[in-house]
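Chemist: Below is the structure I would like to discuss, written out as structure tokens.
The values are calculated or read from the model by the stated rules, or taken from the named source; none is laboratory data. Predicted model only: the values in this text are computed from it and were never measured. Backbone-built Cβ (ideal geometry, glycine too); neighbour counts: all protein chains shown. Just the protein is used for accessible areas: all its heavy atoms, side chains included, with ligands, DNA and RNA removed. Shrake-Rupley method; radii C 1.70, N 1.55, O 1.52, S 1.80 Å.
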Amino acid sequence: MDLNLFFALLGGLLVLAFVANRLVRFTGVPDVIILMATGVVIGPVLHWVNPDVFRGATHGFGSLALILILFEGGLEVKLREILSHFAGGLFLSVFSFTLSAVGVAWVCRHALHFTWIPALLVGAALGCISSSIILPVLQQVNLRRQVKVTLLVEASFGDAVAVLAVTTLLDLAAGGSASVKVVTWSLVSSVILAVASGVLVGILWSYLLPLLSEERFWHVLTFAVVLLIYSGVHALHGNELVAVLVFGLTLANYPAAQKRFHLADDAKSADWFSETPVKQEHHAKHHGQMLTFHGELAFLTRTFFFVLLGALVEFAGLREHAVLALGCFGALFLARWLSVQSGRFAWRAFTSHERELMIWFLPRGLITAVLGIQIVEVRGAEFEFLPSLAFAVILITNLALLIGSLRARRLFPEPLPATPEPPIPEIISEA
């Protein structure tokens, strides 16, 4: 591609991404859908971009976008919200993934005449929602924060559960052995390591920020720490995505803990991780600057990722596996419905409309494509159909996400306030 044309295309995509992001409030269509459609137009339709040139970079762009989105999400969420909705989000993540994987495996057993292990491999690759797609959409729909935080927790764990399931099934298919106890311990230990790493580095960095924030490029230094946490926890076989989320969460909430334990100069009117912003101008300034910098960096990176994802769509594969993809989507949708309805005990305060929207929010994306390619590399010709099937399922589930977004716009045209906390009576001491 001519360099001048490349820069013009790059600038045009960023302008389109900005306009699409601003139009969400009027159209209700998530900018993710517009970016993927743009990729389809400039790739398979007009052939302005050769997707093979960027095929290797898609995984990198997607991972980087996911890191930034999760870190930004951690900076914007209060610890009380995470703790209040952790059980519901974790239940939805594990139960929805399990039902989805089994449902897709059942379809593959009957449509492809697979045995259970190969069929479950397909189900595990298609089983989890894409956090890199659903998290930006949650920023653009008018749902209560309780619903958004539950879906945030689900998305944060979904990728890790899918990777663990595919790795375990590949080991079983190769003649290995894995017990439920071993798999459970692997998942729990990876989360414990991630949480501990994110909290410890977050506390350390919250003490260093006042010293570094007067220097130039301190935002870049914070971004470097985010990447180092991701890489370090991954090398230690921990859940690197959860570590990034917890790091952002710690940076956003730890100053309140300092006040609670009288570690800061001003300990007046401090509540334990209160929803009310801590009156600490220095921290508020740094927090706002971090949100702005990493939010814009995430916007830039995910723009390229979603356009590339659309450019990689193969129409021939979509046509060949359309019926199978529809069958898999039916299994995924049924599994999602059962998971949301079964989890009413975990989110009793959610309305029927909010539960309906949670059912529609089941997009597949980066992790589905990556796991599909990984299975083909390990298992060979038996799974050559899987990348094309993955793209078809990604397309259909994102259309379902579009329906859910439009439903959210109709049901909740204005932002909904969070459920108020019961007032704490003020104790007035008599002189």
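Chemist: Can you give me the accessible area per residue for region 53-156, using a 1.4 Å probe, in Å²?
Modeler: 33
Chemist: Stokes-Einstein diffusion coefficient for region 37-132 at 37 °C in a medium of 0.692 mPa s, Rh from the Kirkwood formula over Cα pairs: what value in µm²/s?
Modeler: D, rounded to a whole number, is 196 µm²/s.
Chemist: On to the next question. What residues have an amide H closer than 5 Å to that of Trp347, excluding those fewer than 5 places away on the same chain, when H is modeled at 1.01 Å from N in the peptide plane?
Modeler: none
Chemist: Using a 1.4 Å probe on the protein chains only, how many percent of the accessible area of region 341-419 belongs to carbon and sulfur? Intermediate values should be presented prior to the final figure.
Modeler: On the way: 2100 of 3450 Å².
Ligands and nucleic acids excluded, carbon and sulfur give 61 percent.
Chemist: For Glu154, Glu72, Glu314, Glu377, give the ranking by accessible area with the largest first, probe 1.4 Å.
Modeler: Glu377, Glu314, Glu72, Glu154
Chemist: Under 5 Å between amide hydrogens, which residues at least 5 positions from Cys128 or on another chain qualify, with H placed 1.01 Å from N in the peptide plane?
Modeler: Excluding prolines and chain starts, which carry no amide H, there are no hits.
Chemist: Let me ask something else. How much of the accessible area of region 60-219, probe 1.4 Å, is carbon plus sulfur, in whole percent? All intermediate terms of the calculation are to be shown ahead of the outcome.
Modeler: Details: 4600 of 6490 Å².
In region 60-219, the share of accessible area belonging to carbon and sulfur is 71 percent.
Chemist: How large is ³J(HN,Hα) for each residue in region 81-88, as worked out from phi by the Karplus curve 6.51 cos²θ - 1.76 cosθ + 1.60 (θ = phi - 60°), to whole Hz, x for Gly and Pro?
Modeler: Along region 81-88, the couplings run 5, 4, 5, 5, 10, 5, 4, x Hz.
Chemist: Gap in Å between the Cα centre of region 193-247 and the Cα centre of region 62-103?
Modeler: Result: 19 Å between the Cα centres.
Chemist: While we're on this one: Given R₀ = 45 Å, what would the calculated FRET efficiency be for Leu112 paired with Arg216, taking r from the Cβ atoms and rounding to 0.05? Can you show the working numbers first?
Modeler: Working: r = 58 Å, r/R0 = 1.28.
After rounding, the FRET efficiency stands at 0.20.
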